[in-house]
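One structure is given below, encoded as structure tokens.
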């Protein structure tokens with residue numbers, strides 16, 4: 001009888017140890033997963049593009065580089081490249097004169113302009129009182145755009161892929177970039 005109790009106790013102890021080890025493994029995996037999600041959604045180590053003249057800024061991935069910019073009387077354009085093997089490009093355009101009278105006017109222009117050049121827009125959403133966000137596709141390229149109507153000018157932020165790249169990954173980069181956009185004046 002004592003031997004039987006000792007074996008039962010030993011079995012119970014082994015069961016508790018195994019359950020404890022499994023619980024510890026689950027905690028470690030959950031912590032690592034949470035850290036990964038935090039880092040993949042974090043923009044704290046990203047670079048900041050700051051436009052002093054128009055008073056806005058946004059962040060973009062650390063390993064991306066400002067490739068070129070153009071500034072003429074109608075528009076300021078900047079292009080930020082991902083590393084070449086990733087094939088993604090961020091564009092920022094400031095239309096120096098606000099052309100669209102309202103978000104509905106801008107929405108209609110986005111749809112009409114897209115039709116003229118063979119772009120399919122989807123998920124067009126008016127956000128708040130000054131922004132429109134949408135996804136687009138043309139041939140084997142796709143991307144995401146955000147238009148912001150400021151008082152006297154318009155801003156367009158966009159990301160487009162030039163190769164077959166994960167649409168979800170590109171969308172996450174764009175969402176993170178848009179979440180950091182702010183006016184500074």
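The values are calculated or read from the model by the stated rules, or taken from the named source; none is laboratory data. In this text, all values refer to a predicted model and were calculated from it rather than measured experimentally. Quick reminder, even Gly has a Cβ in these numbers, built from the backbone with ideal geometry, and neighbours come from all protein chains shown.
Values for this structure:
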| quantity | calculated |
| --- | --- |
| Every residue from region 60-77 that is part of a strand (DSSP E or B) and surrounded by 18 or more Cβ atoms within 10 Å (Cβ to Cβ) | 60, 76 |
| Matching residues in region 56-78 - criterion: being over 16 Å from the mean Cα position of the chain (by Cα) and under 16 Å from residue 156 (Cβ atoms) | 56, 69, 70, 71, 72, 74, 75, 76, 77, 78 |
| Every residue from region 154-185 that is surrounded by fewer than 18 Cβ atoms within 10 Å (Cβ to Cβ) and more than 16 Å from the chain's Cα centre (by Cα) | 162, 163, 164, 183, 184, 185 |
| Test: residue in region 110-123 that is touching a residue at least 24 places away in the same chain (Cβ under 8 Å), loosely packed, with under 15 Cβ neighbours inside 10 Å and either in the same structural domain as residue 71 (by TED's automatic domain parsing) or over 25 Å from residue 71 (Cβ atoms) (or both) | no |
| Tally of residues being touching a residue at least 60 places away in the same chain (Cβ under 8 Å) and in a strand (DSSP E or B) across region 78-93 | 6 |
